[in-house]
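Asker: Pasting a structure here, questions to come.
The values are calculated or read from the model by the stated rules, or taken from the named source; none is laboratory data. These numbers were taken from a predicted model, which means no experiment stands behind them. Please note: Cβ atoms are built from the backbone with ideal geometry, for glycine as well, and neighbour counts cover all protein chains shown.
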Amino acid sequence: MSSTYPVPDNVAEQAWIDAAGYQKMYEQSVADPESFWAEHGKRIHWFKPFSQVKDVSYGPGEVKIRWFHDGTTNVAHNCIDRHLDTKKNDTAIIWEGDSPSDHKHITYGELYEEVCRLANAMKANGVKKGDRVTLYLPMIPEAAYAMLACARIGAIHSVVFGGFSPDALAGRIRDCGSTFVVTADEGLRGGRKVPLKANTDKALESCPDVKTVLVVRRTGGSVTWAEGRDLWYHEELGKVSDDCPAEEMNAEDPLFILYTSGSTGQPKGVLHTTGGYLVYASMTHQYVFDYHDGEVYWCTADVGWVTGHSYIVYGPLANGATTLMFEGVPNYPDASRMWEICDKHKVNIFYTAPTAIRALMREGEQPVTKTRRDSLRLLGSVGEPINPEAWLWYYNVVGEGRCPIVDTWWQTETGGILITPLPGATPLKPGSATRPFFGVKPVIVDAEGHHLEGATEGNLCIADSWPGQMRTVYGDHERFVQTYFSTYPGKYFTGDGCRRDQDGYYWITGRVDDVINVSGHRMGTAEVESALVAHAKVAEAAVVGYPHDLKGQGIYAYVTLVAGEEPHEELRKELVTWVRREIGPIASPDLIQWAPGLPKTRSGKIMRRILRKIAENDYSNLGDTSTLADPGVVDDLVANRMNRA
Ligand code: 6R9
């Protein structure tokens, strides 16, 4: 039985929402979503107010999701212009560079100018409303400027994580048909350079439609230049004015596409739209992080992931917050860096991933305790289940027992946080994401889709829509319907397993599909498999996750070589390098096992359940193996298993 951490009185007193408030507001929100969201939809500025609130059908037949659909607004206007009267000279973004000697403050006034100039430069180079613009940038303020500049003129951004390979970048550029790319000469992380421009050049060899590449000078490193295609960011911004009207956008006009892994090889372009997304991102940011004016808020994610979109840029800026953006990594120059940044910038709210906590935990308490951290009052966690041991260390060592931890469960698809404690309202249980946010109706179902009541365990679905929900898979609405609404008709299926305890608390148990979570990053096993089989010496590959102390899950690959090839250590290394090159470092297999054959059913389906068990070193009970075409294969795999932890 795990213990419960009650809400401290001082936290409840100053919080936006206390326990009674949560109960009342939650009940309202699910009893009458129309009037609840009609009221909260007003938290953003509308050029033309909406009269329609919710227009949703989860099928059967058409799947359609619209919120506030007759209203018009602009996300950049809400994140910047709206604050200028009162906050022109207040800090919008604190940027902390990779090197501890590098930082700057960007006020809302400066943010306005930067975004307007970039928006004008993009327009001058042909970008129009509805165009897709790919952003492949390091964690520098220009990444936020570029997102907001797109939003300002109605272009749809697609941010591609700077750690992705040229191939992965190219696939994402082609899928959404973008013709305009913004990148930097090089990125800088932990003192190491990331060749973003060179990667872009490589990617564009297979993207003939890209006409323009705007390049931010970050390191000044040398780059090759395609005349007529490549433009320097600073030169283009010098040519235009710092006044650019914000385009009047319909609530349901697309805001961004963000690619995420699914159970097939091809990443999906998750599409988010304008009005509902911003209402939801800003509202969750305010209540989940209990954000109050003047506080310094820091989310350590990269803008290449949804967390960076909703909780570094859009949510905080819509609320007029001060948001910190960090270019570097947690252990550079040393393991105190995060806490030194907290002290340097007087961070009040700190939001990170369990994998970072586990890595820092390994370095012991001293790198933490030598810093003050007295500005911190709230901690957050996101990306994967947080194991109670890491939770307790975060709570006791980092937060000195005085800062509540909000363990926030959500997905790229959900746009914002769905299951989470509210700091002033929810007693905490280490490892549980606790309770649903306003308007969110979680249901747990069995394999046949029956609702399971009370304390139970099964698959997590959401019964009704919320404004931040994704609207479609870009260019493939059928895939959207298939992926999320066909397994359990009438409900949104999350792909996660979940337990609900006797107090109604939710405990996410991890993915139930062929997606693994490596250091909080989603990886489709099929993506890694297709990278492996693209190697000339690989005949077949199967990839599964296994428990990994630091990463949460590690990548375990079973590889069958083509006839005539002999396995050896060098080839193992070559395959790891190969996958890094094909997808990016986050996809590197941790363990590769040579498999003379893979366990298959007589119809040729790989029996992943068995492969998972062997990878988990739990081979004594492999379950039913009677449908195997060749049971002998399994004995070999068990005998030569790689994870003997
Ligand atoms: C925001 C984000 C989504 C998947 C999700 C789940 C896992 C995220 C979690 C969590 C347990 C939490 N996940 N937060 N599991 N507790 N607090 O991470 O989006 O990259 O799309 O990943 O991550 O499995 O389905 P995304």
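Asker: For the stretch 169-185, state whether one or more residues are assigned to a loop (DSSP other than H, G, I, E, B), over 21 Å from the mean Cα position of the chain (by Cα) and under 22 Å from MET139 (Cβ atoms). Write out each step before concluding.
Answerer: Applying the first criterion (assigned to a loop (DSSP other than H, G, I, E, B)) to the stretch 169-185 yields 177-179, 185.
With over 21 Å from the mean Cα position of the chain (by Cα) added as a condition, the list becomes 177-179, 185.
If we keep only those that are under 22 Å from MET139 (Cβ atoms) as well, we get 178, 185.
Within the stretch 169-185 (the criterion being assigned to a loop (DSSP other than H, G, I, E, B), over 21 Å from the mean Cα position of the chain (by Cα) and under 22 Å from MET139 (Cβ atoms)), the answer is yes, since at least one residue qualifies.
Asker: Looking only at the stretch 587-613, count how many residues are at pLDDT 85 or above and in a loop (DSSP other than H, G, I, E, B).
Answerer: Residues in the stretch 587-613 being at pLDDT 85 or above and in a loop (DSSP other than H, G, I, E, B): 9 in total.
Asker: Sticking with this one: Scanning the stretch 346-360 for residues that are crowded, with 20+ Cβ neighbours inside 10 Å and part of a helix (DSSP H, G or I), which turns out farthest from the ligand (Cβ to nearest atom)? Steps first, answer last, please.
Answerer: Narrowing the stretch 346-360 to residues crowded, with 20+ Cβ neighbours inside 10 Å: 347-358, 360.
Keeping just the survivors that are part of a helix (DSSP H, G or I) gives 354-358, 360.
Numbers: PRO354: 8, THR355: 11, ALA356: 13, ILE357: 12, ARG358: 14, LEU360: 18 Å.
Among residues in the stretch 346-360 that are crowded, with 20+ Cβ neighbours inside 10 Å and part of a helix (DSSP H, G or I), the one farthest from the ligand (Cβ to nearest atom) is LEU360.
Asker: Restricted to the stretch 402-425, and to residues that are hydrophobic (A, V, I, L, M, F, W, C) and more than 14 Å from the chain's Cα centre (by Cα), which residue is farthest from GLY304 (Cα to Cα)? Working first, answer last.
Answerer: If we filter the stretch 402-425 for residues that are hydrophobic (A, V, I, L, M, F, W, C), which is where we start, we get 403, 405-406, 409-410, 417-419, 422, 425.
Okay, now just the ones that are also more than 14 Å from the chain's Cα centre (by Cα), so 403, 405-406, 419, 422, 425.
Working: CYS403: 28, ILE405: 24, VAL406: 22, ILE419: 22, LEU422: 26, ALA425: 31 Å.
So, considering only residues that are hydrophobic (A, V, I, L, M, F, W, C) and more than 14 Å from the chain's Cα centre (by Cα), the one farthest from GLY304 (Cα to Cα) is ALA425.
Asker: Could you please let me know if GLU582 is of a type outside the set (Phe, Trp, Tyr) and over 25 Å from the mean Cα position of the chain (by Cα)? Walk me through how you get there before you give the answer.
Answerer: Values: of a type outside the set (Phe, Trp, Tyr): yes; over 25 Å from the mean Cα position of the chain (by Cα): no.
No; evaluated as a whole, the condition is false for this residue.
Asker: Is one or more of the residues making up the stretch 521-533 in contact with a Ser or Thr (Cβ under 9 Å, 6 or more places away or on another chain) and of a type in the set (Ser, Thr, Tyr)?
Answerer: Among the residues of the stretch 521-533, at least one is in contact with a Ser or Thr (Cβ under 9 Å, 6 or more places away or on another chain) and of a type in the set (Ser, Thr, Tyr), which makes the answer yes.
Asker: Looking at the stretch 499-515 only, could you name the residues that are within 11 Å of the ligand (Cβ to nearest atom) and either modelled with pLDDT under 95 or of a type in the set (Asp, Glu) (or both)?
Answerer: Within the stretch 499-515, the first condition is being within 11 Å of the ligand (Cβ to nearest atom), and the residues that meet it are 506-513, 515.
Matches in the stretch 499-515: THR509, GLY510, ARG511, VAL512, ASP513, VAL515.
Asker: Same structure, new question: Can you find a residue in the stretch 484-498 that is of a type in the set (A, V, I, L, M, F, W, C), within 15 Å of the ligand (Cβ to nearest atom) and at pLDDT below 95? It would help to see each step written out before you state the result.
Answerer: Filtering the stretch 484-498 down to residues of a type in the set (A, V, I, L, M, F, W, C) leaves 485, 493, 498.
This time we only want the ones that are within 15 Å of the ligand (Cβ to nearest atom), so: 493, 498.
Still in the running and at pLDDT below 95: none.
No, that holds for no residue.
Asker: Looking at GLY328, GLY315, can you tell me which residue is of a type outside the set (Phe, Trp, Tyr) and surrounded by 24 or more Cβ atoms within 10 Å (Cβ to Cβ)? Write out each step before concluding.
Answerer: Values: GLY328 fails: surrounded by 24 or more Cβ atoms within 10 Å (Cβ to Cβ).
Testing whether each residue is of a type outside the set (Phe, Trp, Tyr) and surrounded by 24 or more Cβ atoms within 10 Å (Cβ to Cβ) leaves just GLY315.
Asker: Output the number of the condition that PRO385 fails; it satisfies all remaining conditions of (1) within 12 Å of the ligand (Cβ to nearest atom); (2) closer than 24 Å to GLN23 by Cα; (3) in a loop (DSSP other than H, G, I, E, B).
Answerer: Unmet condition: (2).
Asker: If you don't mind, another one. Being modelled with pLDDT of 95 or more and within 11 Å of PRO599 (Cα to Cα) is the filter here, so list the residues in the stretch 614-636 that pass it.
Answerer: none
Asker: On the basis of being surrounded by fewer than 18 Cβ atoms within 10 Å (Cβ to Cβ) and either of a type in the set (Lys, Arg) or modelled with pLDDT of 95 or more (or both), does GLY109 make the cut? Please lay out each step first, then the result.
Answerer: Working: surrounded by fewer than 18 Cβ atoms within 10 Å (Cβ to Cβ): yes; either of a type in the set (Lys, Arg) or modelled with pLDDT of 95 or more (or both): yes.
Taking the combined requirement at face value, the residue satisfies it.
Asker: From (1) assigned to a loop (DSSP other than H, G, I, E, B); (2) within 16 Å of the ligand (Cβ to nearest atom); (3) of a type in the set (Gly, Ala, Ser); (4) in contact with a Cys (Cβ under 8 Å, 6 or more places away or on another chain), pick out the condition that doesn't hold for SER375.
Answerer: That leaves (2) as the condition not met.
Asker: Being over 21 Å from GLY495 (Cα atoms), surrounded by fewer than 21 Cβ atoms within 10 Å (Cβ to Cβ) and within 13 Å of the ligand (Cβ to nearest atom) is the filter here; which residues of the stretch 405-431 pass it? Don't jump to the end; show me each part of the working.
Answerer: At the first step, the residues of the stretch 405-431 found to be over 21 Å from GLY495 (Cα atoms) are 405-406, 421-430.
After this cut, where a residue has to be surrounded by fewer than 21 Cβ atoms within 10 Å (Cβ to Cβ) as well, the list is 427, 430.
Passing the criteria: only PRO430.
Asker: What pairs can you find where one residue is in the stretch 566-588 and at positive phi and among the small types (Gly, Ala, Ser), the other is crowded, with 17+ Cβ neighbours inside 10 Å and not in a helix (DSSP H, G or I), and their Cβ atoms are less than 7 Å apart, with a gap of 6+ or different chains?
Answerer: Close Cβ pairs (under 7 Å, with a partner that is crowded, with 17+ Cβ neighbours inside 10 Å and not in a helix (DSSP H, G or I)) amount to GLY584/GLY163; GLY584/PHE164; GLY584/SER165.
Asker: Can THR434 be described as touching a Leu at 6+ places or on another chain (Cβ under 8 Å) and within 12 Å of the ligand (Cβ to nearest atom)?
Answerer: On the way: touching a Leu at 6+ places or on another chain (Cβ under 8 Å): yes; within 12 Å of the ligand (Cβ to nearest atom): yes.
Against the criterion (touching a Leu at 6+ places or on another chain (Cβ under 8 Å) and within 12 Å of the ligand (Cβ to nearest atom)), THR434 qualifies.
Asker: Cβ-Cβ below 6 Å, separation at least six or inter-chain, first residue in the stretch 395-420 and at pLDDT 95 or above, second charged (D, E, K, R) and within 9 Å of the ligand (Cβ to nearest atom): which pairs?
Answerer: Nothing qualifies.
Asker: Can you pull out the residues in the stretch 398-414 that are outside any loop (DSSP other than H, G, I, E, B) and of a type in the set (Phe, Trp, Tyr)? Before you say what the answer is, go through the steps one by one.
Answerer: We begin by selecting, within the stretch 398-414, every residue outside any loop (DSSP other than H, G, I, E, B); these are 398, 405-409, 412-414.
If the condition is that a residue be outside any loop (DSSP other than H, G, I, E, B) and of a type in the set (Phe, Trp, Tyr), then TRP409 is the only one that fits.
Asker: Please enumerate the residues belonging to the stretch 218-236 that are of a type in the set (Lys, Arg) and within 21 Å of VAL127 (Cα to Cα).
Answerer: Step one: of the stretch 218-236, the residues of a type in the set (Lys, Arg) are 218, 229.
The one that is of a type in the set (Lys, Arg) and within 21 Å of VAL127 (Cα to Cα): ARG229.
Asker: What residue, among those in the stretch 415-456 that are assigned to a loop (DSSP other than H, G, I, E, B) and among the β-branched types (Val, Ile, Thr), is farthest from PHE485 (Cα to Cα)?
Answerer: Quick first cut of the stretch 415-456, residues assigned to a loop (DSSP other than H, G, I, E, B) only: 415-418, 420-427, 429-433, 435, 437-441, 446-450, 453-455.
With the extra rule that they be among the β-branched types (Val, Ile, Thr), the set shrinks to 417, 420, 426, 440.
Working: ILE417: 20, THR420: 24, THR426: 31, VAL440: 17 Å.
This residue is THR426.
Asker: I'm trying to understand the selection: among the residues of the stretch 450-483, which are within 16 Å of the ligand (Cβ to nearest atom) and either without any contact (Cβ under 8 Å) to a residue 60 or more places away in the chain or over 30 Å from ARG132 (Cα atoms) (or both)?
Answerer: The answer is GLU457, GLY458, ASN459, LEU460, CYS461, ILE462.
Asker: Something else about it: Only residues that are polar (S, T, N, Q) and surrounded by 13 or more Cβ atoms within 10 Å (Cβ to Cβ): list them for the stretch 565-603, please.
Answerer: Residues of the stretch 565-603 polar (S, T, N, Q): 577, 588, 593, 601, 603.
Those that are polar (S, T, N, Q) and surrounded by 13 or more Cβ atoms within 10 Å (Cβ to Cβ): SER588, GLN593.
Asker: So, one more: Does the stretch 282-311 hold any residues that are more than 14 Å from the ligand (Cβ to nearest atom) and under 18 Å from TYR145 (Cβ atoms), and which are they?
Answerer: The answer is none; no residue qualifies.
Asker: Just need a number here: residues in the stretch 236-281 that are surrounded by fewer than 19 Cβ atoms within 10 Å (Cβ to Cβ), among the basic types (Lys, Arg) and within 14 Å of the ligand (Cβ to nearest atom).
Answerer: Here the count works out to 0.
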